[in-house]
Amino acid sequence: MSVDTPLPEAAPPAAQTSELLRVEGVTRHFMVSGTRIDVLYDCTFQVARGEVVAIVGQSGSGKSTLLNLLGLLDRPSGGSYVFDGVDTTRLGEGRRSRLRGEGIGFVFQQFHLLERRSALANVGVPMVLGGVPVFRRRARARELLESVGLGHRLDSQPHQLSGGEQQRVALARALSREPALILADEPTGALDAASSRMIMDQLLAQAELRGAAVVVVTHDPKVAERADRVVELVEGRTR
Amino acid sequence: MLRSLTAGIVLAFTGSRANIARTILSCAGVVVGVGALILVVTGSDFGQRYAVAYSEIQGGRAATLQVEINGDVTDRDALEEDLYRAGGEQVSLYQMPSGAVRVRSGGADVPDVEIRGVDPELGDIRRITMTRGRWFTEADRESLAPVLVVNESLAASMGDLTRVQIGTDRWVDARVVGVIADSGMDFTWQSAYLLRSPATEEILFAPPDSEEAPQEGFGFYGGSNAYVVRLDPDHPGVEDYGEGFSESLRTVAWRWGVEDPQNAIWSYRADSAEMLEEPLLYMTWGLLGIAFITLGTGLLGVLNVGLVTVRERRRELATYRALGASRFTLFVAVVMEAVVVSVVAGIVALAGCWALAALGSAVVTELDLVPPGVDLRVPPSGVLLGLGSAAAVGLLAGIIPAARALRASVVAGLRE
Ligand SMILES: Nc1ncnc2c1ncn2[C@@H]1O[C@H](COP(=O)(O)OP(=O)(O)OP(=O)(O)O)[C@@H](O)[C@H]1O
Ligand SMILES: [Mg+2]
């Protein structure tokens, strides 16, 4: 709740310049009716600012679980996660929400746009949460939608858009607060080959333009190919 | 904190606009409940104003006593002085003429006219609504012709108000200076107020003809002398329905020649608003209770819909969280949505009540069921209570779903 108080001290400047996030010995298990299910045993890796990292691995290997941890949507069972110089493992819910809103943009496989709301309104939501005044919000949402080639569909609602178009709206929304990190969980999983390529082109181009790092979970070798680095998850460990 | 709050409110407004159908369905109970509340307050307010108007027209403003002194008064000036001394703030004669007074207009007799001799002060003691002309002034006392104010019924029978004559044994030209509204609440007699002045002294106070038998058995030997007297409502003389006032008059009755003051002097409370107020209050509370119960059922309706939609909207709420909404923001958003829904319902109810009141008002004034100036309308207190309780219902009905929404896991919500 104390979102207006300053975030904890940033890490030393040396680390801040190049390193965006660092995951160290992160574990995650779930309890399902009394039985413990270990999903992540020991994940250790880092991502530099502006870097594009692909996470690959078999189905059920814990890629989505890891991405949720990176996105501060979930807490690790053990280990540490430093994002943008802040050790997030000890942060309260309010600060995690704020850090997430300011620093991280999401692109989901299922788009997760808000129904019955225009593209423009959808792109505006993170800015509402960030307290951006309404006029600036609308102008910026329009600009972002134009930059992903949807300047002519500002008032369309999600059900009036194709999958690829919806994902472009989601991309514009993810970019709306200039995050340092874009997390994408199989962003092309629900799209055909042509749309997939277009989305990936735009995702990578926009991220490069804005200096944002991208962590993308994917099954698609073509997507993984385009990353600066590939992290493979095998039996709950990063390789 | 502030940013989370405003963000929550913005989300709530866009959210409720996106869910209009659900909104309308969920608030039917609130519309009925709030409508019932507003109607009760409106009815009670109307009843109270009606009672006050009725009482002020028929009896007088609080607190008015009607005072009667039977028997011959030897010194009227001393009596009237004592009426003021005993606590009267305004005093007016309120007396039927001792003999039969006839009225005619343009030479034609107007039968069955009730005439009362009064002073200009009556205009301050009672609520008098002029439809034409004016009430008496002190200057009218100097008129050489008797001065009258008639009611509308009488004015209608008279036709030409410029050629009016009154008299007991001979006709005198009279001057009509104003017409007052019929009270409209009971059978309306043709009546006239006759200003007491040197010109009307004889008509009002002439000793009765010996043929007109004294009303034996009541101890009315001479005439009866009647007054209305307004006292401060807190004056001790008002207590016991005016008995205190009679008592203090009786002690000085010798000054104006009344011999058996115990039996000759009476006063009683003429204004009745206070007496009507208590039962009205009980009735209002009873009805308000019923209206609140109705509103309670409406609350359960909104709560139920709120719980269902929070479950349906887990994905949407999780998406908000992923986009940076804090728990507090979502809490505010969900509660505010319920408040917006309820207040909209309250406004709908208010509009309905307003229309009903306007219709009712038109009917009762058209049928002449209410005193002039008393209309049926939603009072500000009704608006306040209606919208306030609608907002309160929204708050109450929003809190439980909002708390539920907070507990839900973001990751699980996104997987739906
Ligand atoms: N909330 C949970 N409770 C119990 N088990 C869970 C939970 N979330 C994930 N798991 C388990 O963790 C494992 C990894 O799940 P995750 O969704 O991370 O896999 P993934 O690598 O993303 O797979 P896919 O490629 O199919 O999306 C799975 O076996 C899953 O059943
Ligand atoms: Mg997955």
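Would segment B:363-384 turn up any residue that is farther than 24 Å from B:Ala291 by Cα, open to solvent by 50 Å² or more (accessible area, probe 1.4 Å) and polar (S, T, N, Q)? Yes; the residues of segment B:363-384 include at least one that is farther than 24 Å from B:Ala291 by Cα, open to solvent by 50 Å² or more (accessible area, probe 1.4 Å) and polar (S, T, N, Q). Taking the condition of being away from chain B (no Cβ under 13 Å) and part of a loop (DSSP other than H, G, I, E, B), how many residues in segment A:157-181 meet it? Looking only at that region, the number is 3.
Starting from residues that are away from every other protein chain (no Cβ under 14 Å), more than 18 Å from the chain's Cα centre (by Cα) and aliphatic (A, V, I, L, M), keep the ones in segment A:26-66 and report whichever is farthest from A:Gly105 (Cα to Cα). So the residue we want is A:Ile37.
The set of residues from segment A:102-150 being touching a residue at least 24 places away in the same chain (Cβ under 8 Å), part of a helix (DSSP H, G or I) and basic (Lys, Arg) comprises just one member, A:Arg140.
Taken over segment B:387-409, the residue count meeting the criterion of being open to solvent by 50 Å² or more (accessible area, probe 1.4 Å) and either in contact with a Lys or Arg (Cβ under 6 Å, 6 or more places away or on another chain) or more than 14 Å from every other protein chain (Cβ to nearest Cβ) (or both) is 6. The number of residues in segment A:104-130 being within 14 Å of the chain's Cα centre (by Cα), buried (at least 20 other Cβ atoms within 10 Å of the Cβ) and more than 9 Å from every other protein chain (Cβ to nearest Cβ) comes to 2. Being modelled with pLDDT of 80 or more, more than 10 Å from chain A (Cβ to nearest Cβ) and crowded, with 24+ Cβ neighbours inside 10 Å is a property that does not hold for B:Gly8. Please go through segment B:53-81 and pick out each residue that is more than 26 Å from B:Ser272 (Cβ to Cβ) and either among the acidic types (Asp, Glu) or under 29 Å from the mean Cα position of the chain (by Cα) (or both). Hits for segment B:53-81 are B:Asp72, B:Asp75, B:Asp77, B:Glu81.
For B:Ser197, the conditions (1) at pLDDT below 90; (2) assigned to a loop (DSSP other than H, G, I, E, B); (3) crowded, with 17+ Cβ neighbours inside 10 Å are fulfilled apart from (1).
Results for (1) within 14 Å of chain A (Cβ to nearest Cβ); (2) assigned to a loop (DSSP other than H, G, I, E, B), shown as yes or no for each residue.
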| site | (1), (2) |
| --- | --- |
| B:Ala338 | no, no |
| B:Cys353 | no, no |
| B:Val363 | no, no |
| B:Asp375 | no, yes |
| B:Leu385 | no, no |
| B:Val411 | yes, no |
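Screening A:Leu99 on (1) facing another protein chain (nearest Cβ under 10 Å); (2) in contact with a strand residue (DSSP E or B) (Cβ under 8 Å, 6 or more places away or on another chain); (3) free of Cβ contacts under 8 Å to residues at least 24 places away in the same chain shows it passes everything except condition (3).
Going through (1) in a helix (DSSP H, G or I); (2) within 13 Å of chain A (Cβ to nearest Cβ); (3) free of Cβ contacts under 8 Å to residues at least 12 places away in the same chain one by one, B:Arg321 falls short only on (3).
When B:Val310, B:Val341 are checked against the criterion of being at pLDDT below 90, crowded, with 16+ Cβ neighbours inside 10 Å, closer than 30 Å to A:Pro179 by Cβ and hydrophobic (A, V, I, L, M, F, W, C), B:Val310 stands alone in meeting it. Can you tell me which residues in segment A:33-66 are within 8 Å of ligand 1 (Cβ to nearest atom) and either surrounded by 14 or more Cβ atoms within 10 Å (Cβ to Cβ) or of a type in the set (Lys, Arg) (or both)? Listed by number, the residues that qualify are A:Val39, A:Gly57, A:Ser61, A:Gly62, A:Lys63, A:Ser64, A:Thr65, A:Leu66.
Given the condition closer than 30 Å to A:Asp42 by Cβ, within 16 Å of ligand 2 (Cβ to nearest atom), away from chain B (no Cβ under 14 Å) and at pLDDT 95 or above, answer yes or no: does some residue in segment A:195-217 qualify? Yes; the residues of segment A:195-217 include at least one that is closer than 30 Å to A:Asp42 by Cβ, within 16 Å of ligand 2 (Cβ to nearest atom), away from chain B (no Cβ under 14 Å) and at pLDDT 95 or above.
Residues in segment B:292-311: is at least one within 14 Å of chain A (Cβ to nearest Cβ) and touching a residue at least 24 places away in the same chain (Cβ under 8 Å)? Yes. Residues in segment A:67-85 that are farther than 20 Å from B:Arg327 by Cα and either surrounded by fewer than 22 Cβ atoms within 10 Å (Cβ to Cβ) or within 12 Å of chain B (Cβ to nearest Cβ) (or both): how many? Of the residues in that region, 9 qualify. Listed conditions (1) part of a loop (DSSP other than H, G, I, E, B); (2) open to solvent by 50 Å² or more (accessible area, probe 1.4 Å); (3) more than 8 Å from chain B (Cβ to nearest Cβ) are all met by A:Leu154, apart from (2).
Among the residues of segment B:79-121, the ones that are among the hydrophobic types (A, V, I, L, M, F, W, C), buried (at least 18 other Cβ atoms within 10 Å of the Cβ) and touching a Lys or Arg at 6+ places or on another chain (Cβ under 9 Å) come to 6 in all.
Report yes if A:Thr88 is crowded, with 19+ Cβ neighbours inside 10 Å, under 22 Å from A:Val234 (Cβ atoms) and free of Cβ contacts under 8 Å to residues at least 40 places away in the same chain, otherwise no.
Numbers: crowded, with 19+ Cβ neighbours inside 10 Å: yes; under 22 Å from A:Val234 (Cβ atoms): no; free of Cβ contacts under 8 Å to residues at least 40 places away in the same chain: yes.
Against the criterion (crowded, with 19+ Cβ neighbours inside 10 Å, under 22 Å from A:Val234 (Cβ atoms) and free of Cβ contacts under 8 Å to residues at least 40 places away in the same chain), A:Thr88 does not qualify.
Within segment B:99-149, the residues that satisfy the criterion of being farther than 16 Å from B:Gln190 by Cβ, touching a helix residue (DSSP H, G or I) at 6+ places or on another chain (Cβ under 6 Å) and assigned to a strand (DSSP E or B) are B:Gly117, B:Val147. Take A:Arg22 and decide whether it is assigned to a strand (DSSP E or B), at pLDDT 95 or above and within 9 Å of ligand 1 (Cβ to nearest atom). So A:Arg22 does not fit the description; no. Considering segment A:50-92, the residues that are in contact with a helix residue (DSSP H, G or I) (Cβ under 6 Å, 6 or more places away or on another chain) and not in a strand (DSSP E or B) include one that is nearest to ligand 2 (Cβ to nearest atom), namely A:Asn68. Taking (1) more than 16 Å from ligand 1 (Cβ to nearest atom); (2) surrounded by fewer than 22 Cβ atoms within 10 Å (Cβ to Cβ) in turn, A:Arg168 satisfies each apart from (2).
If you scan segment A:183-239, which residues turn out to be assigned to a strand (DSSP E or B) and surrounded by fewer than 19 Cβ atoms within 10 Å (Cβ to Cβ)? Break it down into steps so the answer makes sense when it comes.
First, the residues of segment A:183-239 that are assigned to a strand (DSSP E or B): A:183-185, A:213-217, A:229-234, A:237-238.
Within segment A:183-239, A:Arg229, A:Val230, A:Glu232, A:Val234, A:Arg237 qualify.
The values are calculated or read from the model by the stated rules, or taken from the named source; none is laboratory data. Note that the coordinates shown come from a computational prediction; the quantities given were computed from them, not determined experimentally. All Cβ positions, glycine included, derive from the backbone under ideal geometry; neighbour counts span all protein chains shown. Keep in mind that these areas ignore ligands, DNA and RNA; they rest on the heavy atoms of the full protein, side chains included. Shrake-Rupley method; radii C 1.70, N 1.55, O 1.52, S 1.80 Å.
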